[in-house]
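Student: First the structure, then my questions, so here it is.
The values are calculated or read from the model by the stated rules, or taken from the named source; none is laboratory data. The shown structure was predicted, so the numbers you read here are calculated from the model rather than taken from an experiment. Here the Cβ is made from the backbone with ideal geometry for all residues, glycine too, and neighbour counts use every protein chain on show. Ligands, DNA and RNA are stripped out before the accessible areas are found, and what is left, the full protein with its side chains, is counted by its heavy atoms. Shrake-Rupley method; radii C 1.70, N 1.55, O 1.52, S 1.80 Å.
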Amino acid sequence: MEFQKNLLEYISHCLITADETISIAESVTSGCLQLAFSQMPNASLLYKGGITTYTLTEKVRLLKVNKKEAEENDCVSENIAETMALQVAHLFESDWSIAVTGYSTPIRNSSYRIFIFFSFSYKGEIVLTKKLELHPKTQALDAQLYYTEFILGCFKSELNRLLILK
């Protein structure tokens, strides 16, 4: 599995230059984002770690997701992505965090749609939350890889926006 090298280098350079760190909370992407960050130049200087929580029980236990809300939404909502982002940043004591939850295969709980919610936190505040939907015939691995690349691209844009404001 290979990610856009220039994108990884750019994100790495930005975080190292700003002397900031990041952590990841994943569900649907099952470690793809963590893999991407581990492949960045000087990863140990910026990437503190990540957690993959695939079940409701683990999201509630480890990432403090509201159990009632998780049950109502099959752990897939804007608020759940935001909670995951804030909690993983707290767990790893990182400046930045990325969280993603959603579906890579069409199932009844998703109304047979493929989509994610992802969220970025920065210094304890949510700075971006988005929903991304793919065609329901997209293969699961293709969906996971597309989500990962899309999130990395959005993260680059968010870094640019916030670092310019500094």
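Student: Please work out the ratio of the alpha-carbon Rg of the chain to 2.2 N^0.38 Å and round it to two decimals. Could the numbers behind the result be given before it?
Tutor: Working: Rg = 15.0 Å, N = 166, 2.2 N^0.38 = 15.3 Å.
After normalising by residue count via 2.2 N^0.38 Å, the value is 0.97.
Student: If you take the alpha carbon radius of gyration of region 83-136 and divide it by 2.2 N^0.38 Å, what ratio comes out, to two decimals?
Tutor: Details: Rg = 13.1 Å, N = 54, 2.2 N^0.38 = 10.0 Å.
Output field value: 1.31.
Student: How big is the Cα convex hull of region 43-122 in projection, averaged over all directions, in nm²?
Tutor: 5.3 nm²
Student: Residues with amide H under 5 Å of GLY49's amide H, sequence separation 5 or more or different chain, H placed in the peptide plane at 1.01 Å from N; which?
Tutor: Residues meeting the criterion, in which the H sits 1.01 Å from N, are ILE24.
Student: Carbon and sulfur atoms: what percent of the 1.4 Å accessible area of the chain do they account for? List each step's numbers first, then the result.
Tutor: Values: 4170 of 8240 Å².
Heavy-atom surface of the chain belonging to carbon and sulfur, 1.4 Å probe: 51 percent.
Student: List, in the order given, every pair from LYS59/LYS131; LYS59/LYS156; LYS5/LYS156; LYS64/LYS123; LYS64/LYS131 whose Cα-Cα distance in the structure shown is over 24 Å. Each step should come with its number before you reach the end.
Tutor: Values: LYS59/LYS131 19 Å; LYS59/LYS156 26 Å; LYS5/LYS156 13 Å; LYS64/LYS123 18 Å; LYS64/LYS131 21 Å.
Checking Cα-Cα distances, LYS59/LYS156 exceed 24 Å.
Student: Over the chain, give the accessible area per residue in Å² for a 1.4 Å probe, as an integer. Provide the component values of the computation, followed by the final result.
Tutor: On the way: 8240 Å² over 166 residues.
With all protein chains present, the chain gives 50 Å² per residue.
Student: Using only alpha carbons, build the gyration tensor for region 15-54 and give me the equivalent ellipsoid semi-axes, biggest first, whole Å. Mind dumping the intermediate values first?
Tutor: On the way: eigenvalues 81, 19, 8 Å².
Calculated on Cα positions only, the semi-axes equal 20, 10, 6 Å.
Student: What would the Debye equation give as log₁₀ I(q)/I(0) for region 96-166 at q = 0.12, 0.27 Å⁻¹, counting only Cα atoms as equal point scatterers?
Tutor: Here the Debye-derived log intensity ratios amount to -0.36, -1.17.
Student: With labels modelled as points extended 7 Å from the Cα through the Cβ direction, what inter-label distance (nm, one decimal) is found for ASN109 paired with GLU78?
Tutor: A separation of 2.2 nm, rounded to one decimal place.
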